[in-house]
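Quick notes on the structure that follows.
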Amino acid sequence: MKWLLPILIFALAQSLHAQVAVEASVDSIPVHIGDAFDLKLSWSYDVEAKATAPIIDSLKAIPDLKILSESKWEAKKFQGTISNVKLIKCIYYNTGVLRIPAFSSAYQYFDTTGIAKSKILEFKISPLAKEGDEIVPIKPIIKEPRDFSDFLIWIYGGLAAVLLSYLIIKRLKKHRLKKSIASLPLDQQAEQQIRKLAETLPWSIEQTTAKYVDLTFWLRQFLTARFEIPAQVETLRQMKKSLSKIKPVPRSLDSILLCMQASDLVKFAKIIPSDEQNSLAINQVLEFIVQNKVIPTAEAKEVKS
């Protein structure tokens, strides 16, 4: 009968560990690049247990992953168990396999202490383009070696976030000032600004990211004014769905969506295109605007005559 004692101790330890559980799951798979997805974090424990809530610091440290929103813990009590649920809306600006580390909760249940962990999540991030679509190849930047410490990752990530925030805030302030004195409709302003952007070609490597921020900003302004959709706040996938509902469907829609996908790779995935690809992107945007803009009445009469 002595051999029963270790079995009983092991069973007791497992039952105590089962009083605290952490689970993580994703709402929909597959996920495409630039798509927002919900990460559901569940955490439950016995009312007699003391447990710490899982933290998401490891999620924030994932390169190219941005957290859009994070809900508060929603708690429910049922038959002596407290269940908590948190939803974290994320967006990933890269392709390949996304690996989400395990979330953990330290607990004490009577005289027993331990750590409950969720499983590691791994799923594939797919490109937006379908089979048969022609995508202009983009020259990748040589990546820096990744054998640096987590401390340096936080520094580089923080500097990149500060730089991106500075560029966005600077651009928004500039456009706010222009809006107060602008006399042209918004769609015509967008066309005018993009033509001015074309005059600055070619761009240096240091200028490329800022120029693509300008390009996509004014393109989204044109889409908002011309088709009355919330293009400035929609993801690429949501914007494609909104534009597809318009009758007739805007001309050259597929080419402009591919152009915006390439622009996201430049801004967020540390990719740099060649001078020819920059010129092609500008020309595609201008061609789309010319084909879909509303011609003013006086100009329309001149065209007919």
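Could you give every pair whose Cβ atoms fall below 6 Å, whose first residue belongs to segment 72-91 and is over 18 Å from Tyr109 (Cα atoms), and whose second residue is surrounded by fewer than 11 Cβ atoms within 10 Å (Cβ to Cβ), counting only separations of at least 6 or pairs across chains?
Cβ pairs passing all conditions: Val85/Glu74; Lys89/Ser69.
With the requirement that a residue be among the basic types (Lys, Arg) and at pLDDT below 70, what does segment 124-175 give you? Steps first, answer last, please.
We begin by selecting, within segment 124-175, every residue among the basic types (Lys, Arg); these are 124, 130, 139, 143, 146, 170-171, 173-174.
Residues satisfying the conditions are Lys130, Lys139, Lys143, Arg146.
Within segment 93-109, track down each residue that is in contact with a helix residue (DSSP H, G or I) (Cβ under 8 Å, 6 or more places away or on another chain) and assigned to a strand (DSSP E or B).
Ile100, Tyr109
Of all residues in segment 231-271 being of a type in the set (S, T, N, Q), at pLDDT 85 or above and part of a helix (DSSP H, G or I), which is farthest from the chain's Cα centre (by Cα)?
Among them, the one singled out is Ser244.
Just one of (1) under 23 Å from Tyr93 (Cα atoms); (2) over 17 Å from the mean Cα position of the chain (by Cα); (3) of a type in the set (Asp, Glu) trips up Glu228, so point out which.
Condition (1) is where Glu228 drops out.
Going by the structure shown, is Ser274 at pLDDT 90 or above, small (Gly, Ala, Ser) and surrounded by fewer than 16 Cβ atoms within 10 Å (Cβ to Cβ)?
Details: at pLDDT 90 or above: yes; small (Gly, Ala, Ser): yes; surrounded by fewer than 16 Cβ atoms within 10 Å (Cβ to Cβ): yes.
Yes, satisfied.
The values are calculated or read from the model by the stated rules, or taken from the named source; none is laboratory data. Note that the coordinates shown come from a computational prediction; the quantities given were computed from them, not determined experimentally. When we count neighbours, we look across all protein chains shown, and the Cβ atoms used for this are built from the backbone with ideal geometry, even at glycine.
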